[in-house]
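J.: Structure in structure tokens, see below.
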Amino acid sequence: DQGTNYDKPRAVDFNSDGTKMRILWSDKDSVGEYVCSTGFDVSTCTYTSGADDDISGQEANALGMAFNSDGTKMFIAGFAGDDVNEYTLSTAYDVSTAAFVDAFSISSHEGKITGLAFDTNGNRMYIVGQGGIEINEYYLTEAWDVSTAYHK
């Protein structure tokens, strides 16, 4: 149960031990947080009321979500902005502490983002979407910083 009337989950992510889960809700333009008493067992997860992060100011149709390896950065992508939005989390894996940093436009390569991923070091970013039939790979000169991304 997500605690509210949300019905369009688009992405899911766990912290490293599976005790925190985040769900990207495209119908509410937010990321909801859940605590799991048993790691990676969704039947033990409960919604954390008030821990949502409203992303509507940056993306109105979010479909992709990723976190860096220590949970201090969150990345959101979707149809409306044709970009990847970067947020910092002042408390690791706590989406209620997220603050928008900047965005990286990918509109010249993909017009309708549906998925987003990074390599384990944060030096490469991968985008998929409905506008093309390829995986777009971007290199980041500074790990986990989308403002340093470039397409090769």
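The values are calculated or read from the model by the stated rules, or taken from the named source; none is laboratory data. Nothing here was measured: the structure is a model prediction, and the numbers come from that model. Because the Cβ atoms are built from the backbone with ideal geometry, glycine has one as well, and the counts that use them run over all protein chains shown. Accessible surface is based on the protein model in full, side chains and every heavy atom, while ligands, DNA and RNA are left aside. Shrake-Rupley method; radii C 1.70, N 1.55, O 1.52, S 1.80 Å.
J.: Within the range 17-38, take every residue that is without any contact (Cβ under 8 Å) to a residue 24 or more places away in the chain and not in a strand (DSSP E or B) and give me the one that is surrounded by the most Cβ atoms within 10 Å (Cβ to Cβ).
T.: Only one residue tops the list, namely T19.
J.: Looking only at the range 113-122, filter to residues that are open to solvent by less than 40 Å² (accessible area, probe 1.4 Å) and of a type in the set (A, V, I, L, M); which one of those is modelled with the lowest pLDDT?
T.: By that ranking, first place goes to I113.
J.: Do any residues in the range 131-143 that are open to solvent by 40 Å² or more (accessible area, probe 1.4 Å) have Cβ atoms under 7 Å from those of residues that are at pLDDT 95 or above and of a type in the set (S, T, Y), where the two are at least six apart or on different chains, and which pairs are they?
T.: Cβ pairs passing all conditions: I135/Y126; E137/Y126; Y139/Y150; T141/T148; E142/T148.
J.: Test S43 against the stated conditions and say whether it is open to solvent by 50 Å² or more (accessible area, probe 1.4 Å) and assigned to a helix (DSSP H, G or I). Outline the logic, then answer.
T.: Numbers: open to solvent by 50 Å² or more (accessible area, probe 1.4 Å): yes; assigned to a helix (DSSP H, G or I): yes.
When the stated conditions are applied, S43 passes them.
J.: How many residues are part of a loop (DSSP other than H, G, I, E, B) and either within 9 Å of the chain's Cα centre (by Cα) or at pLDDT 95 or above (or both) when one looks only at the range 77-89?
T.: The total comes to 0.
J.: May I pose another question? Can you name the residue in the range 90-107 that is part of a loop (DSSP other than H, G, I, E, B) and of a type in the set (G, A, S) and, of all such residues, is least open to solvent (accessible area, probe 1.4 Å)?
T.: Ranking the qualifying residues of the range 90-107, first place goes to A92.
J.: Additional query: Here are some residues: E59, E86. Which one is touching a helix residue (DSSP H, G or I) at 6+ places or on another chain (Cβ under 6 Å) and surrounded by 19 or more Cβ atoms within 10 Å (Cβ to Cβ)?
T.: The match here is E86.
J.: Only one of M74, M125, M65 is more than 11 Å from the chain's Cα centre (by Cα), buried (at least 20 other Cβ atoms within 10 Å of the Cβ) and either in contact (Cβ under 8 Å) with a residue 40 or more places away in the chain or not in a loop (DSSP other than H, G, I, E, B) (or both). Can you tell me which?
T.: Residue meeting the stated conditions: M125.
J.: So, one more: For E110, all conditions in the list (1) part of a loop (DSSP other than H, G, I, E, B); (2) open to solvent by 20 Å² or more (accessible area, probe 1.4 Å) hold save one; what is the number of the exception?
T.: Only one criterion is unmet by E110, namely (2).
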